[in-house]
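Everything on this sheet refers to the single structure shown next.
The values are calculated or read from the model by the stated rules, or taken from the named source; none is laboratory data. Treat the numbers as computed from the prediction; the structure is a model and nothing was measured. Please note: Cβ atoms are built from the backbone with ideal geometry, for glycine as well, and neighbour counts cover all protein chains shown.
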Amino acid sequence: MLEKIKERVASGKPGSILIAGTAGDGKTYHCRSLWSFLGGADKEWSNDSTVKMLTLADGRRAVFVKDLSELSDDQGDQALALMEQTVFWGVDNSIVVAAANHGQILKRLGNLGIREKREHPLRKHIQDAFLLSGTPMDRLAIFDLSRTTHRSSLEEVLKAVAGHEEWGHCARCTRQGDGRVGSVALSRA
């Protein structure tokens, strides 16, 4: 699924991205991996802020929400307002990439709608997408990780670990050579 998320951003399509699912299914991993793919610094991702900003190669501003549940009401309202603008109001210079549990985003949109005295326009579309009963929206890409098979998720994680650039250090390991094989290289074999 990560490759599909990367393709969506790389395509330059306007709108926003919701990475949804249940606890422990990799929402933060996918969000962080997309951040890195787009040139975001690991150090910045690791700081305490739950909302991250990144200027993309095409000039758009990407607003990453690592976990919607960690935002205050005001912060969440701002992120969801920008998502609404990118989806419905033609704001093309920004993109929101938000990670959220199913119930969390629906509850937030419901509460925001109550505070604004309206039915929030994103809520029904997102709920229908979770139920597989709605028509997909061009400007809101929803990647529901709870719908991926565990096998494909496992394969994606194994590929990420096995292909990590740090494995290159094994060739220079002092435990390698003279007929010896380092423990990491042995485990990888």
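Details
- Residue match in the range 35-43 (condition: over 13 Å from ILE95 (Cα atoms) and among the charged types (D, E, K, R)): yes
- Among the residues of the range 32-46, at least one is in contact with a helix residue (DSSP H, G or I) (Cβ under 7 Å, 6 or more places away or on another chain), crowded, with 20+ Cβ neighbours inside 10 Å and either among the small types (Gly, Ala, Ser) or in contact (Cβ under 8 Å) with a residue 12 or more places away in the chain (or both).
- The range 58-74, residues that are exposed (fewer than 11 other Cβ atoms within 10 Å of the Cβ) and of a type in the set (Ser, Thr, Tyr): SER72
Conditions tested, residue by residue: (1) part of a loop (DSSP other than H, G, I, E, B); (2) out of contact with any Pro (no Cβ under 8 Å at 6 or more places or on another chain); (3) basic (Lys, Arg); (4) closer than 21 Å to VAL87 by Cα.
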| position | (1), (2), (3), (4) |
| --- | --- |
| GLU7 | no, yes, no, yes |
| GLY12 | yes, yes, no, yes |
| ALA20 | no, yes, no, yes |
| TYR29 | no, yes, no, no |
| TRP35 | no, yes, no, yes |
| GLY39 | yes, yes, no, no |
| LYS43 | no, yes, yes, no |
| LYS52 | no, yes, yes, yes |
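- Top-ranked residue in the range 122-163 [being acidic (Asp, Glu) and modelled with pLDDT of 70 or more; ranked as surrounded by the fewest Cβ atoms within 10 Å (Cβ to Cβ)]: ASP138
- Residue satisfying all of: in the range 54-90; of a type outside the set (D, E, K, R), assigned to a loop (DSSP other than H, G, I, E, B) and out of contact with any helix residue (DSSP H, G or I) (no Cβ under 8 Å at 6 or more places or on another chain); farthest from ALA10 (Cα to Cα) among these: SER72
- Only one entry of THR86, THR55, THR22, THR50 meets the criterion of being over 13 Å from the mean Cα position of the chain (by Cα), among the β-branched types (Val, Ile, Thr) and surrounded by 15 or more Cβ atoms within 10 Å (Cβ to Cβ), and that entry is THR86.
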